[in-house]
Amino acid sequence: MELILSLALLSVVLLLVFNIYFLGKNIFDRSVHERGMQGNVRIAVDKVTEEIRTADFITSEVPEDGEINGKDEYYSIEIDGDELIKTKYPENEEEKSIATLSDILFKPKNGGLSLKISRDSYEIETEIPLENNPSIDIDNEGTHVIYYTKR
């Protein structure tokens, strides 16, 4: 009788200990995943800001003649699948970023450019300071792809 009671008590204690362990493990795994998402979004913001900051013309569409602001060499930033990609034209050289994202949105804002980047449930919205006071040809609703030239 004492043995059965001891085993029952031990089972209850072990059940509580394992429940607490698995709860802690799930919380830890979730926080590691969220940290990874936040890191990817921050890296993407840094990369896009670095690229766009020195642009002298920004648009959401390429004219039929294939030139932007009279230049045939230009760049684009967009998301393909879940990868942030920078492409150099006319060579079509793609440079994949190390960031994995869900969405990217560029909008004109106060003479500058607003950038909204997200991955899963994490999102950052920031304004990119533009050094060359470029012309911006983007609708107020925004765009998911931008084309730009550099000096």
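Order by neighbour count: Y147, Y21, fewest other Cβ atoms within 10 Å first, most last.
Arranged by neighbour count, lowest to highest, Y147, Y21 become Y21, Y147.
Using Stokes-Einstein with the Kirkwood hydrodynamic radius over Cα pairs, what translational diffusion coefficient do you get for the range 42-91 at 37 °C and a viscosity of 0.692 mPa s, in µm²/s rounded to a whole number?
The Stokes-Einstein estimate is 273 µm²/s.
Pop out the ³J(HN,Hα) list for the range 6-17 in order, Karplus 6.51 cos²θ - 1.76 cosθ + 1.60 with θ = phi - 60°, rounded to Hz; leave Gly and Pro as x.
Per residue, the Karplus-derived 3J(HN,Hα) values read 5, 5, 5, 5, 4, 4, 5, 5, 5, 4, 5, 4 Hz.
Quick one: work out Rg over Rh on the C-alpha atoms of the chain, Rh as Kirkwood radius.
Expressed as Rg/Rh, it is 1.35.
I need the phi-derived Karplus couplings for the range 66-74: 6.51 cos²θ - 1.76 cosθ + 1.60, θ = phi - 60°, integer Hz, Gly and Pro marked x.
For the range 66-74, the Karplus-derived couplings read x, 10, 10, 6, x, 10, 8, 9, 8 Hz, x marking Gly and Pro.
Can you compute the helix-only [θ] at 222 nm over the chain? Use -39500 (n - 2.57) per DSSP H run of at least 4 residues, normalise by all residues, nearest 500 deg cm²/dmol. List each step's numbers first, then the result.
On the way: 1 runs with 51 residues, N = 151.
Taken over the chain, the calculation gives -12500 deg cm²/dmol.
Mind checking which aspartates and glutamates have their C-alpha under 16 Å from K71, skipping anything on the same chain fewer than 8 residues away?
Partners found: D56, E61, E91, D137.
No lab work stands behind these numbers, since they all come straight from the coordinates. Only a predicted model underlies this, so the values are computations on that prediction, with no experimental measurement involved. Cβ: placed from backbone, ideal geometry, glycine included. Neighbour counts: every protein chain shown.
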